[in-house]
Amino acid sequence: MTAIEQTEAARPRGTRLPRRARRNQLLGAAQEVFVAQGYHSAAMDDIAERAGVSKPVLYQHFPGKLELYLALLDQHCESLLQAVRTALASTTDNKLRVAATMDAYFAYVEDEGGAFRLVFESDLTNEPAVRERVDRVSLQCAEAISDVIAGDTGLSKDESMLLAVGLGGVSQVVARYWLSSQSAIPRDTAVQLLTSLAWRGIAGFPLHGIDQH
């Protein structure tokens, strides 16, 4: 059960939940409010009301709005990183690996909870703690992609990282455009198109350890 689903299940006031379940419920409510209103317009009153709890209960778990936002950001940055790592490990066929990685970004952006907006479209990127987390997950995703590129092509660490940052950046920017434009192109077709573009470039680097005749 996702945090938002748990929020729906536990919204009536007066229900006592185990601490972990309550925390997940509050995170689900906070996600709904932050995605809909942005950080600056959201209020702890709104989040408590959405969760069906009193403000003191909310403050028992999170001392302030920023701490709540950062906890939510940590959760969804980790989800993105795990999705990318899973995609990279899903196959040894490099073209399919590119497609799986592209699709991981599309799936992340398409998720109905809108969590990607907290990571890629936050209105709080001037806050150092937020900026650090967003930069870190972008770097970690790029490092995961870079490791595969370096292992398969024999390119240097710096060269592989440059390509990886490009692939990750293109994936999330195009996925966000695809969603925001309400494109008539189905997700799988969009992924195939983007994969074809990326593969034409990355396939130009010969596989490491294979003689080219």
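Brief remarks follow.
- The residue of the stretch 60-101 that is most open to solvent (accessible area, probe 1.4 Å), among those that are farther than 18 Å from Gln140 by Cα and basic (Lys, Arg), is Lys95.
- If you go through the stretch 34-80 and pick out every residue that is assigned to a loop (DSSP other than H, G, I, E, B) and either within 19 Å of the chain's Cα centre (by Cα) or β-branched (Val, Ile, Thr) (or both), you end up with 3.
- Any hit, the stretch 181-191, residues being open to solvent by 90 Å² or more (accessible area, probe 1.4 Å), over 21 Å from the mean Cα position of the chain (by Cα) and over 18 Å from Arg117 (Cβ atoms): yes
The values are calculated or read from the model by the stated rules, or taken from the named source; none is laboratory data. Being a predicted model, the structure only gives us computed values, none of them experimental. Backbone-built Cβ (ideal geometry, glycine too); neighbour counts: all protein chains shown. Just so you know, the surface numbers come from the protein's heavy atoms only, side chains and all, with ligands and any DNA or RNA stripped out. Shrake-Rupley method; radii C 1.70, N 1.55, O 1.52, S 1.80 Å.
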